[in-house]
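Q: Let me begin by handing over the structure; questions about it come next.
The values are calculated or read from the model by the stated rules, or taken from the named source; none is laboratory data. The shown structure was predicted, so the numbers you read here are calculated from the model rather than taken from an experiment. Neighbour counts run over all protein chains shown; Cβ positions are idealised from the backbone, glycine included.
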Amino acid sequence: MQFIESIGATALNFIRAIGKIVIFIFLFFRFIFKPRFYLRHNLKYFIEIFISSIPIIALTGIFSGMVLALQSYTGFSRFSAESAIPNIVVLTLTRELGPVLTGLMISARVGSAIAAEIATMRVTEQIDALKTLNTNYFNYLVTPRVLSLTLAMPIFVTIVDFIGVTGGYLVSVYRLGFNENMYLINTIDFISFSDYLSGVIKATVFGFIISIISCYNGLYSKKGAFGVGSATTNAVVISSILILIFNYFLTEIFF
Amino acid sequence: MEIKIEKLSKKFGDNHVLKNINILIEKNKSTIILGKSGCGKSVLLKIIYQLIRNDKGLIFYDKKKFVDIDKFGMLFQYGALFDSLTVAENIAFIDFVDGKKNYKNKVINSLKEVGLTADVYDKHPSEISGGMKKRVALARAIYKNPKVIFLDEPTTGLDPINSDMINELIIRIIKKKKMTAVTITHDIQSALKTGDNYFFLNNGVVEDFGKCNLMLKSKNKLMNEFLMGVKKLQNS
């Protein structure tokens, strides 16, 4: 009996959490059109996110591209299809690895920071202080973070795509002995705008997911150090799982 | 501003935090709300400030049901300063978020009022002491010249010397700016020093009230137990 009760309680909690997140998303869209907008604060936050994330996504891009070239060579050389490596590297990066790896890295780098910062603000009554100063705390805390990350992700993915392809090129040309002109021609001729666009759309959705989940966990964290810790963990874990789930459905759409 | 609270109740789930509260906060006077931890003091303060809604009862601000919260200022228990902003941006927050830049003189005057110099202007909260943080938080609370100032445990976490300084500062500012003050505190010395009237809350009910200078002569049993408890703690 107790076992069934605990299953029921878990299911109810899950449904309740989904309901709260849906309301949270609704609030975001409601407040985004409602003054005050804190434009300067939005711009500042966008620049902060952008600058702090560039090193991590650059490293993600270059090493993914390099590994992808090496692994593809291992497989394709077995049936003399090495010439497909440029195509595979650019296609895998733009359509799949670029947005997913960037999403996961940004979730760990920016999502955790957002959740920890907002949860700490909640614990130390800073959010109450915002209310007492007649500040729309949702527009001050949530809107800049969601907008910044949602708008920054397509740029991040473009950077990862470019750096990743460069990494693949470097390994293929200088390690595997490919002709540099042929590699570039095969890469540029094979990629289409729709491949790039599908990756960019995925990244935009992932940016929205990471920022909404992180802000939600921060804003509704429990009190104390434990609350801050679990808000941060939940933000990263839930965002990462949702990225993988949404990635499948978005891939189905662009298939 | 006079604040009149009538039959106010609030519960969270099954927990009745405030039950049928009636309080009159007199204009330009300092009202102290006393009580043990968890008796509903902070909830009451937040309801008066309109940060949370009451379930039952009415609050009249100068005989009106609605009030612009720009007329209020609040000093939080631990300051609640924004870590990512400088002292100046914290104090002038309402101007800072609006993108105004001509707040320097006003901030320096506010710093002077709370006994600080312009040296801390560009510092972050993490770079100043606990006592200074409290003063900066007080400067932020009075920056917009509120009609009512709410003080949540103003002396918590401070040593006796700093506590005394904060109390003196509060008395001076309230008198100078002719503000109504509502203070939550456990600190009897602070209550006696800064308060005109007091209300003693126990389990969400007003058990005792009166003039602060007569507080120690209260005949209410629970109030006396509270005073004795605080005294014992201070002696130990």
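Q: For region B:156-189, which residues satisfy the criterion of being more than 14 Å from chain A (Cβ to nearest Cβ), assigned to a loop (DSSP other than H, G, I, E, B) and modelled with pLDDT under 85?
A: B:L158, B:D159, B:H186, B:D187
Q: Would you list the helices (runs of 4 or more DSSP H) that sit entirely within region A:84-124 and hold 3 or more residues that are away from every other protein chain (no Cβ under 14 Å) and touching a residue at least 12 places away in the same chain (Cβ under 8 Å)?
A: Fully inside region A:84-124 and qualifying: A:85-92, A:98-106.
Q: Of the conditions (1) aliphatic (A, V, I, L, M); (2) touching a residue at least 24 places away in the same chain (Cβ under 8 Å); (3) surrounded by fewer than 16 Cβ atoms within 10 Å (Cβ to Cβ), B:V114 clears all except one; give me its number.
A: (3)
Q: Looking at (1) in contact (Cβ under 8 Å) with a residue 40 or more places away in the chain; (2) in a helix (DSSP H, G or I); (3) surrounded by fewer than 18 Cβ atoms within 10 Å (Cβ to Cβ), which one does A:I18 not meet, given that it meets all the others?
A: The one condition A:I18 does not meet is (1).
Q: Could you list all residues from region A:76-124 that are in contact with a Ser or Thr (Cβ under 6 Å, 6 or more places away or on another chain) and among the acidic types (D, E)?
A: Residues satisfying the conditions do not exist here.
Q: Within region A:125-150, how many residues turn out to be more than 8 Å from every other protein chain (Cβ to nearest Cβ) and among the polar types (S, T, N, Q)?
A: 5
Q: Something else: Given the condition closer than 26 Å to A:F46 by Cβ and part of a loop (DSSP other than H, G, I, E, B), answer yes or no: does some residue in region A:135-146 qualify?
A: Scanning region A:135-146, I find at least one residue that is closer than 26 Å to A:F46 by Cβ and part of a loop (DSSP other than H, G, I, E, B), so the answer is yes.
Q: Which numbered condition trips up B:L192, out of (1) touching a helix residue (DSSP H, G or I) at 6+ places or on another chain (Cβ under 8 Å); (2) in a loop (DSSP other than H, G, I, E, B)?
A: (2)
Q: Kindly indicate which of A:T143, A:T187, A:T132, A:T232 is touching a residue at least 60 places away in the same chain (Cβ under 8 Å) and within 21 Å of A:P35 (Cα to Cα).
A: Within the list A:T143, A:T187, A:T132, A:T232, the selection yields A:T143.
Q: Give just the number: which of (1) assigned to a helix (DSSP H, G or I); (2) within 14 Å of chain B (Cβ to nearest Cβ); (3) in contact with a helix residue (DSSP H, G or I) (Cβ under 8 Å, 6 or more places away or on another chain) does A:R36 not satisfy?
A: Condition (1) is where A:R36 drops out.
Q: I want to confirm something. Restricting to region B:24-54 and keeping residues that are in contact with a strand residue (DSSP E or B) (Cβ under 9 Å, 6 or more places away or on another chain) and of a type in the set (S, T, N, Q), which single residue is farthest from B:K175 (Cα to Cα)?
A: Here the answer is B:N54.
Q: Going by what's in this entry, would A:E180 be described as under 30 Å from B:Y49 (Cβ atoms) and without any contact (Cβ under 8 Å) to a residue 40 or more places away in the chain?
A: No, not satisfied.
Q: Follow-up question, since we're still on this one. Any residue at all in region B:83-92 that is crowded, with 16+ Cβ neighbours inside 10 Å, among the hydroxyl-bearing types (S, T, Y) and in contact with a helix residue (DSSP H, G or I) (Cβ under 7 Å, 6 or more places away or on another chain)?
A: no
Q: Next up: Which one of the conditions (1) in contact with a Gly (Cβ under 6 Å, 6 or more places away or on another chain); (2) surrounded by fewer than 18 Cβ atoms within 10 Å (Cβ to Cβ); (3) not hydroxyl-bearing (S, T, Y) does A:L244 fail to meet, given that it meets all the rest?
A: If we test A:L244 against (1) in contact with a Gly (Cβ under 6 Å, 6 or more places away or on another chain); (2) surrounded by fewer than 18 Cβ atoms within 10 Å (Cβ to Cβ); (3) not hydroxyl-bearing (S, T, Y), just (1) comes out false.
Q: If you take just the strands (runs of 3 or more DSSP E) that sit entirely in region B:9-118, which of them hold at least 2 residues that are within 14 Å of chain A (Cβ to nearest Cβ)?
A: B:72-75
Q: Among the residues of region A:71-99, which ones are over 17 Å from A:L176 (Cα atoms) and surrounded by fewer than 20 Cβ atoms within 10 Å (Cβ to Cβ)?
A: A:L91, A:T92, A:E96
Q: Now a separate question. Given the residues A:L197, A:L250, A:L219, which is the only one that is touching a helix residue (DSSP H, G or I) at 6+ places or on another chain (Cβ under 9 Å) and surrounded by fewer than 15 Cβ atoms within 10 Å (Cβ to Cβ)?
A: A:L197
Q: Next question. Can you pull out every residue in region A:53-91 that is out of contact with any Lys or Arg (no Cβ under 7 Å at 6 or more places or on another chain) and within 30 Å of A:R145 (Cβ to Cβ)?
A: A:I54, A:P55, A:I57, A:A58, A:L59, A:T60, A:G61, A:I62, A:F63, A:S64, A:G65
Q: Also, quick follow-up: Looking at this structure, is B:F150 within 14 Å of chain A (Cβ to nearest Cβ), crowded, with 16+ Cβ neighbours inside 10 Å and assigned to a loop (DSSP other than H, G, I, E, B)?
A: no
Q: A:I4 - would you say it is assigned to a helix (DSSP H, G or I), away from chain B (no Cβ under 14 Å), over 24 Å from A:F156 (Cβ atoms) and under 21 Å from the mean Cα position of the chain (by Cα)?
A: So A:I4 does not fit the description; no.
Q: Answer with yes or no whether B:L18 is out of contact with any Ser or Thr (no Cβ under 8 Å at 6 or more places or on another chain) and not polar (S, T, N, Q).
A: In short, no.
Residues checked against (1) in a helix (DSSP H, G or I); (2) modelled with pLDDT under 95; (3) not assigned by TED's automatic domain parsing to the domain that holds A:L242:
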| site | (1), (2), (3) |
| --- | --- |
| A:F178 | no, yes, no |
| A:Y183 | yes, yes, no |
| A:N186 | yes, yes, no |
| A:D195 | yes, yes, no |
| A:K202 | yes, no, no |
| A:I209 | yes, no, no |
| A:S214 | yes, no, no |
| A:S221 | no, yes, no |
| A:V228 | yes, yes, no |
